[in-house]
Structure formats: structure tokens, C-alpha cells
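Colleague: Here's a structure for you.
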Amino acid sequence: MTKYIETIGIEVHVELKTNTKIFSSSKNGYGQMANSLTNVIDLGYPGTLPTINMEVINTAIKAAHVLNCKIRKTQHFDRKNYFYPDNPKNYQITEARTPIGYDGYVEIEIDGEKKKIEIEEIHIEEDTCKSAHRGKVSLLDFNRAGVPLIEIVTKPCISTSLEAKLYLEKLRELLFYSDISDCKMEEGSMRADANVSIRKNITDPFGVKCEIKNIGSISNVKLAIECEIKRQSNLLDKGESFKEQTRRFDDKLGDTVLMRVKETGNDYRYFPEPDIPYIVLTDEVINSAIKSLPMLPDERREIYISKGVSLVNANKLIANRDLSDYLNNFIDTDLNFKEATNLLLGDISAYLNREEKNINDTKLTIEKFSDLVNKISDNTLTSKNLKDILDKILEEDKTIDEIIKECGISNITDSNMLNDIVLKIISENPDSVTDYKNGKDRALKYLMGQIMKETKGSANPKLVSDILIQELNK
Amino acid sequence: MKDKLTKEEVLHVANLARIEITEEELESYQVKLKELLDQVNTVNEIDDNNTDYLIAPWQNNSEFREDSVGGMLDPKEVLKNTPRKSGNYIEVPVVISNE
């Protein structure tokens, strides 16, 4: 514990999942041949004019909505001027004065307590080209130039590195689920900067702020903040002062490293972008963007839990969007969600991982899945049966009944036949029967196992258990 | 009102524009840039209290573009105007990493 009060603000840049760039009709793509996704607008050629991609506006409206922001109806872009090879126009087009969203929040939960992380603003801007530094040269790839971004800025209201981590996890979940971004930090489609300062007393003004740029993962954000607070604390302990600065986190070094003492906001000489007139959002545009949002994680979690799924499994489902979407087909039915979830996260996931398939690429129709879950719930199918026929269920067009018949699965549900087997096992294992009568539960499991072995796993376990207990208690 | 900019102010602007200037140029810009600023400042004398903030030279609002991919340049064309290249990359003198 440090003796200082920590103040943290987070800025996140997120690349939007659109087909084309923000101001040009070049493809918005990742991992393609360098400089193959550009045109004269992205390259900043003189005389070119930007045009706004409708989908960028729609996606930004969705982002503002899921982050509980107010939405600004009249906006304009500004030019942020700076000379740097990543931006041949020598300015970045950004919403400096009229961010599309403002005054929002994201709710996180710490030790069962809810806390709102306040969002100062969300603004739209263009990404710059990607530069890689190799010895004495830098290599530029303009595929990223003009990719649409939103920047999400929190108020300085985050008090610990753990809160910062929880906020980013929640933000990523929300943006990913809303189809706003694929939020891959390793590919740079989500990038986080942390502003960190410390002060002695709550009544003091905020301390000198240091910004840690472009941290590569959420866990590193937590680490970077902890290192930076330690560094600032050590300096203040020694009575030393420091200037506002930009640093980066070196994960090999496990510390933050100075990049530069900050240029001030004025140095960017912002002025309105004269090539793009006012953007005016009608209620119709706003509402239709919001209406197109899919169901968000919190609502899914609530529904799953209300239908008997454990929190752990609900979270596992939500972490796998395709499975969660698939299960949502049954929200208005009386399907056994607990059994369905076990099936999806268990045998079906194992199959999908092994075959590198998506659930939507299988032959598991909604009718078939519902039939399967019911047959497992009422013990018509045992887990062993399922393992034998699952591949067929997922790969063939046939119904479950057809597959059961074809595979000759004779799930023994004939109680007379089972009764005989139960009696046989009881007579062969008198010691276990005595143990059971003396209250040893293990004996019951042992006897069950023997019966299942005798029937080669084809007996209905529920029925076996009922008959066995009945016979033992006679 | 002072009649020229300080040397620091001129050097700061030169640095933002990433240009090097000589001592002589520095002295002349202290005066010339100040004259330029004063001229621009006359705009502030206009009474614009009742005027809407016009950001573009016409009154219409922005129209939006459909999100469908259009024509792109062949990378060969892109690289034609660059003095130095490395593979398909444009090569420039190293800059301090922002990343």
C-alpha cells in the first residue's frame, strides 16, 4: 500500500469493424500486404476530399449508447496539426470539440460492490499509418491510415490498478458484443493509454500526470500503473519533482520508460476541418443504430442465471459469443438451460475445438439440439451414448432418432431386464450391500458401476439407480 | 504590445514545423511572424456575437457514404512517388517510436 492517493484515467482507442475506412472507400483490413489497401485520400494527396462513412457514424452511436453516454446531434471534425511521417497530410482529422458521446459510464464490480467508471467522452477520429522502426529507418504501411477509430476517455475517477483492469475487461466485453470492434489488443485494434498521478491528501490538487502510451495487454495495463505509481512515490518520497511526460511500458524491464516530455494541447493548433461540413444526426438515424444492437453481456448473464446456469458457466458461454448466440435461440422456450449449457461447453465445444469448426458450420439445427437436450435430461440418452453418436449428430442431416436407430443404441430402459441385472450384481457383492446398509455411500456408487459395466454402459442410469436403491432397501 | 516575438517563440514554432533556421532567419522571423499574427488578429475586431459558427464554406450538412469498398491503388503506384522503399514499405529516416 502506498501512502499516496492514486488517480488514474484511461484512454482507449478502438478500431471500428467497418468494411471501409472512415473518409475513403479503401478496404478496412488487417494483415494484408503492406500499402495494398490505400487510395489518394488515405495517402493525403493534395486536392482530395474526405467523405464520411455512414457505418462509422452508426457504430459510434452504438458505442455511445452501450457506454451510457449522451449523444451529440450536431458535430464537426477538427484538424489536429503535427508533422510526423505517420500522417502525410500533417494533420489528423478528429472530433476535438464536439465528441459524439459524453457523460457516460461503465459499471464494474469489485468484491461484490458496484462502481461506475465515468466516461468523459467518446470521439471519432482516423487512425494513422503504421510505422515499424528498423535501425536507422522507419517503414511505413498506409493500410492502417484512415481506419476508423473511436477514442474513449474516462474521467480521472479510477482509484486502483485493479479498477483499471476491470474497467478495460468490461469495456472490451461490451464493444466486442456490440459488434463495434474485434478488440484484439495483440493486433492493435484496441489500444490503451493510462494517465497516472498521485497526491498526499484528498484535499490536494491532482499531482503531476504521466501518460503511459500504448500498453499491449490488459494485464500489462495493471502492471504498468503499479510500476508508475511506485516510481512516482519514490520520487516524491525523496522530495524530488518531475514534469508532465509521456512514458511507455517495457514488459521485459517491468518498468515504465520515458518517451518525451509532453507537447501541450496548444501545439496541435486545432481548427475546424473545412472539408467536412456539420454532421447532423436525426432521431431516426440514432434510433435505428441503437435498435440494431445485439443483446449485451449483462442481460445474457442475467437470463442464463435465472434459467439455472451457474455464474461460472454463464461467463464461459459469454466468452464464446457464437455458443451464447446459439443458445439465445431458446430463450423463449422451456429448454433445460443447465443441461444445454453443459452440453455446449462440454462435448460440443470439445468437438468444435478438435475440428476447428464454428457451431453454425455443423448440422446441429435448433430442432435437433432441443431434441438432444431433452433426451439427455430425461435419461433417454446416457453420456456414453452421446459420446458415441455426437460426431454423427453434428455432421449428418439425420434426426437424433434416426441416428440412434442407425447406431443400434439400445439404451436399456426395460425395467424387467434391468431388475434381473441389479439382482445379479447384488447377489455377487454381499460385502458392498452390507457397507451400503452401514451408511457408506461409496458402496452404492460401486454397485452402480458394476451394473453399468455389465450392461456395457447402455443402461439408463436414472432407472438403474432407482431400481438399485429400491432393491437394497428391501 | 510588443513589436516582435521572442527567440524562444520562433524556435518553438520552427520546431513544431520540423524546420531548422539560421540565426539571421530567427531574427527576421521574430518581426515577420509578429506582423503576420497582428494581421490575423484584426479578425478579432469583427463583431460576430450573433453569427453562427461556420466551419465549411457552404451551408449544407454532411452527406454520408455507403460502407462499400471502392477502387484502391496498386501498391506499385503507391510506391512510385517515394524516394526510398523497402519491399512494399515506404522507407523514411527513423523517427522516435510513438508505439
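Colleague: Please average, across the residues of A:207-216, the number of beta carbons from any other chain that are within 10 Å of each residue's own beta carbon, and give a whole number.
Modeller: Averaged over the peptide's residues, the number is 1.
Colleague: Separate question: Given N residues in region A:289-371, what is Rg(Cα) / (2.2 N^0.38 Å)?
Modeller: Values: Rg = 12.6 Å, N = 83, 2.2 N^0.38 = 11.8 Å.
Relative to the 2.2 N^0.38 Å estimate, region A:289-371 comes out at 1.07.
Colleague: Between helix A:366-377 and chain A, what is the angle of the helix's C-alpha long axis to the longest principal axis, kept within 0 to 90° and rounded to the nearest 10?
Modeller: The angle comes out at about 50 degrees.
Colleague: Working from the pairwise distances between different alpha carbons, so that the mean of 1/r is found and then inverted, what is chain B's Kirkwood radius in Å?
Modeller: Radius from the Kirkwood sum: 19.5 Å.
Colleague: Is it possible to state the helix-based mean residue ellipticity at 222 nm for the protein assembly as shown, with each DSSP H run of 4+ residues giving -39500 (n - 2.57), the sum divided by total residues, to the nearest 500 deg cm²/dmol? What is it? Don't skip to the end; give the middle numbers.
Modeller: On the way: 19 runs with 214 residues, N = 573.
Calculated mean residue ellipticity at 222 nm is -11500 deg cm²/dmol.
Colleague: Let me ask you something else. What does the charge count near A:T59 come to, summing +1 for each Lys or Arg and -1 for each Asp or Glu among other residues with Cβ under 10 Å from its Cβ?
Modeller: -1
Colleague: Let me ask you something else. Relative to the present Cα-Cα distance, how much length would full extension add between B:T42 and B:I21 at 0.36 nm per residue of separation?
Modeller: On the way: separation 21, 0.36 × 21 = 7.56 nm, distance 2.80 nm.
Extra length available between B:T42 and B:I21 comes to 4.8 nm.
Colleague: If I model region A:149-245 as equal point scatterers sitting on the Cα atoms and use the Debye formula, what is log10 I(q)/I(0) at q = 0.23, 0.25 Å⁻¹?
Modeller: So the normalised log intensities are -1.25, -1.42.
Colleague: Based on other C-beta atoms within 10 Å, arrange A:D431, A:D42 from fewest to most. Write out the running numbers ahead of the final one.
Modeller: Values: A:D431 9, A:D42 30.
Going from least to most buried by this count: A:D431, A:D42.
Colleague: Treat each spin label as a single point 7 Å out from the Cα along the C-beta direction, and report the A:D250 to A:E109 distance in nm.
Modeller: 4.0 nm
Colleague: Sticking with this structure for a sec: At q = 0.21, 0.30 Å⁻¹, work out log10 I(q)/I(0) for region A:415-472 with the Debye formula, treating every Cα as an identical point scatterer and leaving solvent out; two decimals please.
Modeller: -0.70, -1.39
Colleague: Could I ask something else about it? Among the lysines, which fall within straight-line cross-link reach of A:K73, defined as a Cα-Cα distance under 21 Å, with same-chain neighbours fewer than 8 residues apart omitted?
Modeller: Answer for A:K73, where 21 Å is the Cα cut-off: A:K62, A:K291, listed by chain and number.
Colleague: Report the full-extension gain for the segment A:F271 to A:L258: residue separation times 0.36 nm, less the Cα-Cα distance, to one decimal in nm.
Modeller: Full-extension gain reported as 1.7 nm.
Colleague: Next question. Simple spin-label model, 7 Å along Cα-to-Cβ: A:E169 to B:E35 in nm?
Modeller: With each label placed 7 Å out from Cα toward Cβ, I get 6.4 nm.
Colleague: Evaluate the distance, in nm, between pseudo-label points positioned 7 Å from the Cα of A:E186 and of A:E396 along their respective Cα→Cβ axes.
Modeller: 3.8 nm
Colleague: Find the relative contact order for region A:415-472 and round it to a whole percent, using C-alpha pairs within less than 8 Å whose residues are 6+ positions apart. Kindly include the intermediate steps, with their values, before the conclusion.
Modeller: On the way: 35 pairs, mean separation 24.1, N = 58.
The normalised contact order for region A:415-472 reaches 41 percent.
Colleague: Please give the FRET efficiency for A:E284 paired with A:K238, using the beta carbon to beta carbon distance and R0 = 60 Å, rounded to the nearest 0.05. Please report the intermediate quantities before stating the final value.
Modeller: Numbers: r = 60 Å, r/R0 = 1.00.
Calculated transfer efficiency: 0.50.
Colleague: Related question: Quick one: Karplus J couplings for region A:20-30, per residue in order, coefficients 6.51, -1.76, 1.60, θ = phi - 60°, nearest Hz, x for Gly and Pro?
Modeller: 10, 6, 6, 10, 9, 8, 5, 5, 8, x, 10
Colleague: Now, a different point. Where does the protein assembly as shown land on Rg/Rh, using Cα atoms and the Kirkwood Rh?
Modeller: 1.12
Colleague: Provide the FRET efficiency to the nearest 0.05 for the A:S217-B:V94 pair, computing r from the beta carbons and using R0 = 30 Å.
Modeller: Computed FRET efficiency for A:S217 and B:V94: 0.70.
Colleague: Mean-square fluctuation check for chain B, GNM, Cα pairs under 10 Å: which of B:T82, B:T42, B:T22 is largest?
Modeller: B:T82
Colleague: At a Cα cut-off below 18 Å, give the aspartates and glutamates reachable from B:K76, other chains included and same-chain residues fewer than 8 away excluded.
Modeller: A:D42, A:D141, B:E91
Colleague: Right, another one. Would you mind getting me the FRET efficiency between A:K462 and A:K70? Use the beta-carbon distance for r and R0 = 51 Å, nearest 0.05.
Modeller: For A:K462 and A:K70, the calculated efficiency is 0.35.
Where a number appears in this text, it was derived from the coordinates with a stated rule and is not lab data. All values reported here derive from a predicted model rather than from experimental measurement. A quick note on method: Cβ atoms are made from the backbone with ideal geometry, for glycine too, and the neighbour counts reach across all protein chains shown.
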